[in-house]
Amino acid sequence: MRNILSLLFIIFFSSISIDCLAQAAAQKLYNEGQKLQLTMTVAAQNKAIEKYTKAKKAFDSQARKNDCDNQIAGCRKNIEYIRKHKPTPKSTPNPQKKEEKDTVYKVDPQTTEPVKLSLSVSSLEFKSGGKKKDNHQVVVTCNYDSWNYTAPEWIQITRNGNTLTLTAEANKGDEERSGTVVVTCKGKRAELMVYQASKFKIKNILKL
C-alpha cells in the first residue's frame, strides 16, 4: 500500500512539473513574439504570428489564449499598414535578377502625422492574491492603430479595441514586486508602472 501511495505522489508531482514547464515554454514564445512585433517589417510580423500561434497551443488558460489572438490580430494590422506604405521600388536594368528584400518602414516627418500616444493612468497597484476580479483597465490614446505592448511575465493583458485589461498572478514572494508595461507605436513609447504587494503585508491581507 505504501509503495502505491508513493507511486501516486510521484505521478502527481511529475504532472505538475511538466505542466509548469509547458506554461513557462509558452510564456517564452509569447515574449519572443512581442519582441519580434516591435520590428515593423512583414518578415518580423509573420515570425511573431508563428510564435503567438505556438504559444496559444501551449497555454492552458483561455485568457492567455485570448492574449495570443489579440497579438496575432495586431500583427496582421501591422502587415497591412506596412504594405500600404511600402515605398515603390526603383527600376533597375535587370529587374529579374533583383532579389526582393523586406523593406523596413521609416516614418517621414514631412508626409506622416507625428505619433500621439498616451495612457489613461501612469501606475497601477495589485493586491497580493492575484484574483481575476482584481483587474484594472487602461485606455490607450493613439492616432495610429498599429500600437503594441509588452508586460512583465506576472501581468496578463487582454486587449479590446483601445482598452487594456490587466490582471496579476498571485505574488508568492516575501517582497513587493514591480514592473513596467510599455506601449509602443512607431518608435514612441508610453510607460505604465505596475506594483503588487507581498502576501505578508498586513494591510493587504485586510483588504482581501
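The values are calculated or read from the model by the stated rules, or taken from the named source; none is laboratory data. The model shown is predicted, which means the values in this text are computed figures rather than measured ones. A quick note on method: Cβ atoms are made from the backbone with ideal geometry, for glycine too, and the neighbour counts reach across all protein chains shown. Note: accessible area is taken over every heavy atom of the protein model, side chains too, but ligands, DNA and RNA are not part of it. Shrake-Rupley method; radii C 1.70, N 1.55, O 1.52, S 1.80 Å.
For the range 168-187, which positions are over 18 Å from PHE126 (Cβ atoms) and open to solvent by 50 Å² or more (accessible area, probe 1.4 Å)? Within the range 168-187, GLY187 is the sole residue that qualifies.
Identification of strands (runs of 3 or more DSSP E) wholly contained in the range 108-184 with 2 or more residues that are farther than 26 Å from ILE72 by Cα yields 123-126. Residue count for the range 37-48, restricted to those that are assigned to a helix (DSSP H, G or I) and open to solvent by less than 30 Å² (accessible area, probe 1.4 Å): 5.
Applying the selection to the range 16-36, what residues are open to solvent by less than 60 Å² (accessible area, probe 1.4 Å) and at pLDDT below 85? Result: ALA22, single match. Right, LYS51: exposed (fewer than 14 other Cβ atoms within 10 Å of the Cβ) and at pLDDT 90 or above or not? Criteria not met by LYS51. Of all residues in the range 161-183, those satisfying the criterion of being free of Cβ contacts under 8 Å to residues at least 60 places away in the same chain, farther than 13 Å from ASN31 by Cβ and either β-branched (Val, Ile, Thr) or out of contact with any strand residue (DSSP E or B) (no Cβ under 8 Å at 6 or more places or on another chain) (or both) are GLY161, THR163, THR165, ALA170, LYS172, GLY173, ASP174, GLU175, THR180, VAL181.
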